[in-house]
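A.B. asks: Here it is, the structure, as structure tokens.
Throughout, read-outs are computed from the coordinates displayed, never taken from laboratory work. Since the structure is predicted, the reported quantities are computational estimates derived from the model, not experimental observations. Heads up, the Cβs are rebuilt from the backbone with ideal geometry, glycines too, and the neighbour counts pull from every protein chain shown.
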Amino acid sequence: MPSDTPVDGTDSGTGSFIAAFDDSEFARLLGMKIVEARDGYANVVMDCTGKMNPHAVAHGGAIFALADQAFGIAANCAGTARVAVSVHIQYIAPATGPLTAVAERVADNGMYSTFRVMVYESGRAIAEFDGVALDVGAGTRDNRVIDS
């Protein structure tokens with residue numbers, strides 16, 4: 001599948017991948033839904049209703065979870081098994097309404113991929129999340145070994 005082709009669920013492999021992420025217990029608990037996904041890219045939405053902290057704004061953990069969901073989808077959408085090895089989030093502004101997380105791969109050296117995820121509320125930046133994913137199969141290819 002070309003990396004610039006959106007996943008629309010018509011391919012049985014990618015369709016089941018999307019369904020698995022959308023139907024996961026955690027995604028359902030938080031009301032996260034995949035809008036678009038393709039290799040290195042994901043767009044995921046979530047409403048803040050029921051996810052407020054005592055200050056009546058979206059809980060940072062809910063925002064983080066949304067960004068992490070988009071990161072995981074973008075990293076794994078093409079069928080390559082990747083796991084997070086490092087993440088960082090910077091909260092920019094409080095939010096109270098529907099959120100959108102847009103994840104994009106910004107670098108890839110074959111073993112590690114770096115992703116930037118921006119979380120928005122109505123186009124306004126709420127958080128910036130950076131994640132590094134390890135290709136767990138890369139250590140078995142090209143005679144490379146992954147140290148653990």
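A.B. asks: Send over the per residue convex hull volume for the range 12-140, Cα only, as a whole number of Å³.
C.D. replies: Numbers: hull volume 12.5 nm³, N = 129.
With only Cα atoms used, the range 12-140 gives 97 Å³ per residue.
A.B. asks: Right, something else. I'd like to compare 59-72, 76-89, 93-106: which one has the highest average count of other Cβ atoms within 10 Å, and what's the full order after that?
C.D. replies: Numbers: 59-72: 21.7, 76-89: 15.3, 93-106: 18.1.
Ranking the peptides 59-72, 76-89, 93-106 by packing returns 59-72, 93-106, 76-89.
A.B. asks: Amide H of Arg38: which non-local residues (sequence gap of 5 or more, or other chain) have their own amide H closer than 5 Å, using H built in the peptide plane?
C.D. replies: Distant-sequence amide H within range of Arg38: Val7.
A.B. asks: Can you pull a Stokes-Einstein diffusion coefficient for the range 77-132 at 10 °C (1.306 mPa s), Rh from Kirkwood over Cα pairs, as a whole number of µm²/s? Mind showing how you got there, number by number?
C.D. replies: Details: Rh = 12.3 Å.
The Stokes-Einstein estimate is 129 µm²/s.
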